[in-house]
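Reading through the structure tokens given below for one structure.
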Amino acid sequence: MRPKRFIGRGRAFTLVELLVVISILALLIAILLPSFKRAREGSKRVRCGTNLHAIGQGLTMYLMDSNDFLPVVEFLPSTPSDPDNPRPRVADVLLPFIRKNADVPSKKPTPTPTPNGQAKTERPTDEVFHCPGDVPGKDDRPDENTGKTYYETEGSSYAFNTRLYRMTNTDSLTNGEFANPVKLSEVVRSRRAQHMFGGQAAEEEIWLLRDYIAFHGKPGKPLASNYLYVDGRVADLQR
């Protein structure tokens, strides 16, 4: 008994041939899909690193303008350390310097309706502070931030290392206020930094900003997060 053939122009595929083709296509998709996913995630990580590099250049200009004093910003602006005296967001402090250094795309203020019917204009934020891996659902967040990205709630996908404020030889942060301004050079040369990094070049070990969470992989795994270091490099966590 001859196998059935599908009627069409020219020679038609037999049912067996069609099943073989479908099986081969399914196998190719199964093989290539993870590669496409890794390439897409790798592209997001590269874009994220490019953003951090641009932010680092803006921070360098800020330090030159401030005589090496670190910016005073909140770690999580949506939950400030002192609600009565909140510090600014890192994006708001560094944006003027980033714009001077390069032409970065920015969002115009968008009017949004309020319960009383009046329009409220949100503060503009720049895409350079948005990591493409920062999407809703990456981690469990407080109720008021559920379903929102860090970029939406903090104005930045990147956290500033506020621990640097206490890495000098004496505590410089008292009751939410700076008793003495902190210079980056003081942090790098401090005994605490030397003790922490075994006397090595702290510029290569101390990070300034990083992804708020592991946007690019499982926490603790290589390449899961981007870090901006004092020496200007953008890389994974060194220690």
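Scanning segment 43-81 for residues that are open to solvent by less than 30 Å² (accessible area, probe 1.4 Å) and assigned to a helix (DSSP H, G or I) gives 48, 49, 51, 52, 54, 55, 56, 58, 59, 63. Pairs meeting the criteria (first residue in segment 181-193 and at negative phi, second residue outside any loop (DSSP other than H, G, I, E, B) and of a type in the set (Gly, Ala, Ser), beta carbons under 9 Å, at least 6 apart or on different chains) are 187/193; 187/202; 188/202; 189/202; 190/202; 193/202.
Checked against the criterion of being modelled with pLDDT of 90 or more and open to solvent by 70 Å² or more (accessible area, probe 1.4 Å), segment 152-169 contains one or more residues that satisfy it.
Restricting 236, 231 to residues that are open to solvent by 50 Å² or more (accessible area, probe 1.4 Å), over 30 Å from residue 84 (Cβ atoms) and at pLDDT 85 or above narrows the list to 231. Residue count for segment 128-151 satisfying the condition of being at pLDDT 85 or above and of a type in the set (Asp, Glu): 1.
The values are calculated or read from the model by the stated rules, or taken from the named source; none is laboratory data. Note that the structure is a prediction, hence the values are computed from the model and not measured. Don't worry about glycine lacking a Cβ; one is built from the backbone with ideal geometry, like all the others, and counts go over all protein chains shown. Just so you know, the surface numbers come from the protein's heavy atoms only, side chains and all, with ligands and any DNA or RNA stripped out. Shrake-Rupley method; radii C 1.70, N 1.55, O 1.52, S 1.80 Å.
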